[in-house]
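Heads up, the thing below is written out as structure tokens.
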Amino acid sequence: MLTIRNLECGYGRLPVLRGVSFDVGAESVGLFGPNGAGKTTLISALLGMVRPTAGTLELDGQNLAALSTYQIARAGIALVPQERELFPAMSVADNLELGAAYIPHARDMIDERRESVLGLFPILKERFRQLPGTMSGGQQRMVAIGRALMANPKLLILDEPSLGLQPSIVAEVFEKLAQLKTSMSILVTEQNVRESLKAIDRGYVLENGRVILEDTAEGLLHNPHVISSYLGI
């Protein structure tokens, strides 16, 4: 599915990612690290907003570095951004529809995708005509995830999905992600490592622009560095 090899990129003369390599197959993968580790830069590179200076980015063998952002979306990558970035003056229904509007293969199955999203998040069916700006942060996060799912992606990327949410909603969001990993590949960047490890199969730890650890979720849960740096134990 997603293959990254020896990726290097940054901003001007400032390098951020240094020789990063990892894979995401038919699974859910977590990418962990502190602020400034390079997680956002990596996502930007995957979406064509930052160009690599070295290395390769491929989705099912297709060179992502040669594509523009809209082409990458059509190739099968959908992002749930950290700040949700919904259209507050448009209804939940319209926000969801926008997720499929410019993706040809998803536009052809918009009714099917909508039913799938509403089945995953029943509260959105109740709020279907409501404006997202009048909804709770947790419900807005569900709209953002639902909008990305409307694109019927091969790879779903979630950037800090727990940010700003109360603990009970965080647990619910990761429970939904655990369900989704059976039907698509998922890449999650997170600082809430404890909850993330319940929803992923494998994970990587990124620090100072380099991958310093790779293991299964169970292995990371018991790794001394992860315990002391990210689990607060």
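The values are calculated or read from the model by the stated rules, or taken from the named source; none is laboratory data. These numbers were taken from a predicted model, which means no experiment stands behind them. In this analysis, Cβ positions are derived from the backbone assuming ideal geometry, glycine residues included, and neighbour counts consider all displayed protein chains. Side chains are part of the model used for accessible areas, which takes the heavy atoms of the whole protein and leaves out ligands, DNA and RNA. Shrake-Rupley method; radii C 1.70, N 1.55, O 1.52, S 1.80 Å.
Between Gln62 and Leu14, the distance separating the two model label sites (each 7 Å from Cα on the Cα→Cβ line) works out to 3.2 nm.
Ellipticity at 222 nm from helices only: DSSP H runs of n ≥ 4 in the chain, each -39500 (n - 2.57), divided by the residue count, give -10000 deg cm²/dmol. Summing Lys and Arg as +1 and Asp and Glu as -1 over all other residues whose Cβ lies under 13 Å from the Cβ of Leu64 gives a net charge of +2.
Here's the list of aspartates and glutamates a cross-link from Lys39 could span, going by alpha-carbon distance under 17 Å and ignoring same-chain residues fewer than 8 apart: Glu8, Asp23, Glu83, Asp159, Glu160, Glu190, Glu207, Glu214.
Listed by chain and number, the lysines placed with their C-alpha closer than 19 angstrom to that of Lys154 are Lys176, Lys181; residues fewer than eight positions away on the same chain are left out. For the chain, the Cβ-based charge dipole about the Cα centre amounts to some 380 debye (Lys, Arg positive; Asp, Glu negative; other atoms uncharged). Simple spin-label estimate for Asn35 and Arg5 gives 3.6 nm between the two label positions (7 Å along the Cα-to-Cβ direction from each Cα).
Comparing Leu180, Leu2, Leu67 along the charge dipole axis of the chain, the residue lying farthest to the positive side is Leu67, per the Cβ-charge model. Indicate, rounded to the nearest 5 percent, the antiparallel portion of the DSSP beta bridges found entirely in the chain. Restricted to the chain, the bridges split so that about 55 percent are antiparallel. For Ile77, the shell of other residues with beta-carbons less than 11 Å away shows a net charge of +1, using +1 for Lys and Arg and -1 for Asp and Glu. Charging the Cβ of each Asp and Glu at -1 and of each Lys and Arg at +1, and nothing else, the dipole of segment 55-134 about its Cα centre rounds to 200 debye. Eigen-decomposition of the gyration tensor built on the alpha-carbon atoms of the chain gives equivalent ellipsoid semi-axes of 28, 22, 15 angstrom, largest listed first. Remark: the chain carries 45 Å² of accessible area per residue (probe radius 1.4 Å; ligands, DNA and RNA excluded).
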